[in-house]
Amino acid sequence: MEVIQKPVKNFSDRKGYVPMFICIHIGDGDQKSIYQTFRNLANQKSAHYSVDYDGIVWQFVDEKFAAWANGIKAYPTAKIIKNNIQLNPNLISISIENAGFGNKDITEAQYKTLGELVKDICERWKIPLDREHIIGHREIYKWKTCPGRVSVSKILAL
């Protein structure tokens with residue numbers, strides 16, 4: 001799997017924390033628009049990676065830093081968030097955006113690449129490859145619909 005570097009400046013130090021989970025997102029746009037959003041410092045948004053319709057991966061933030069995709073918590077349902085409620089989730093997560101829109105599922109190429117990428121990240125950081133540690137954004141922030149129709153269970157199956 002090839003990863004294309006597209007660094008952005010919207011990130012921060014992990015303050016000694018390490019990734020404990022992976023959060024899946026839908027970008028509500030194409031890969032280029034996701035990148036443009038993350039490049040704008042005023043937006044204060046970023047993710048570590050995005051996966052395009054054809055499965056091409058762009059990396060925006062090095063995994064050793066905290067991307068800014070998961071910081072707001074509202075009635076979280078994910079156990080990993082509840083067990084670390086005092087922490088900003090960005091400090092302990094890796095975020096993966098997907099090109100696409102919440103009202104449609106992602107492509108099979110995206111699912112295949114997501115499966116590979118999630119497995120690689122889990123091996124690198126010793127994150128358990130299970131549903132407690134691979135979550136959708138709405139499991140952190142109740143009023144989000146993100147990641148839309150993306151199936152976290154299907155990603156794990158791959």
Evaluation of Y49 against (1) within 13 Å of the chain's Cα centre (by Cα); (2) surrounded by fewer than 20 Cβ atoms within 10 Å (Cβ to Cβ); (3) of a type outside the set (G, A, S) (one fails), failing number: (2)
Selection count where residues are open to solvent by less than 10 Å² (accessible area, probe 1.4 Å) and on the phi > 0 side of the Ramachandran plot, scope region 1-19: 0
Residue pairs meeting the criteria (Cβ under 8 Å; at least 6 apart or on separate chains; first farther than 14 Å from I92 by Cα, in region 113-134; second small (G, A, S) and open to solvent by less than 60 Å² (accessible area, probe 1.4 Å)): T113/G55
Qualifying position, being more than 20 Å from E132 (Cβ to Cβ), touching a helix residue (DSSP H, G or I) at 6+ places or on another chain (Cβ under 6 Å), modelled with pLDDT of 95 or more and loosely packed, with under 15 Cβ neighbours inside 10 Å, among D54, D62: D54
Complete set of residues in region 111-146 that are open to solvent by 70 Å² or more (accessible area, probe 1.4 Å) and either under 21 Å from G55 (Cα atoms) or among the basic types (K, R) (or both): K112, K119, E123, R124, K126, L129, R131, R138, K142, K144
Residue in region 87-101 that is of a type in the set (S, T, Y) and out of contact with any Asp or Glu (no Cβ under 9 Å at 6 or more places or on another chain) present: yes
Sole exception among (1) of a type in the set (K, R); (2) over 12 Å from I26 (Cβ atoms); (3) over 14 Å from the mean Cα position of the chain (by Cα) for K119, by number: (3)
Test: residue in region 89-99 that is open to solvent by less than 20 Å² (accessible area, probe 1.4 Å), touching a residue at least 60 places away in the same chain (Cβ under 8 Å) and more than 16 Å from I22 (Cα to Cα): yes
Number of positions in region 20-46 that are open to solvent by less than 10 Å² (accessible area, probe 1.4 Å), under 14 Å from the mean Cα position of the chain (by Cα) and under 18 Å from T145 (Cβ atoms): 4
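The values are calculated or read from the model by the stated rules, or taken from the named source; none is laboratory data. For clarity, every value in this text was computed on a predicted model and none was experimentally measured. Reconstructed Cβ throughout: ideal geometry from the backbone, glycine too, with neighbour counts over all protein chains shown. Only protein heavy atoms, including side chains, enter the accessible area calculation; ligands, DNA and RNA are left aside. Shrake-Rupley method; radii C 1.70, N 1.55, O 1.52, S 1.80 Å.
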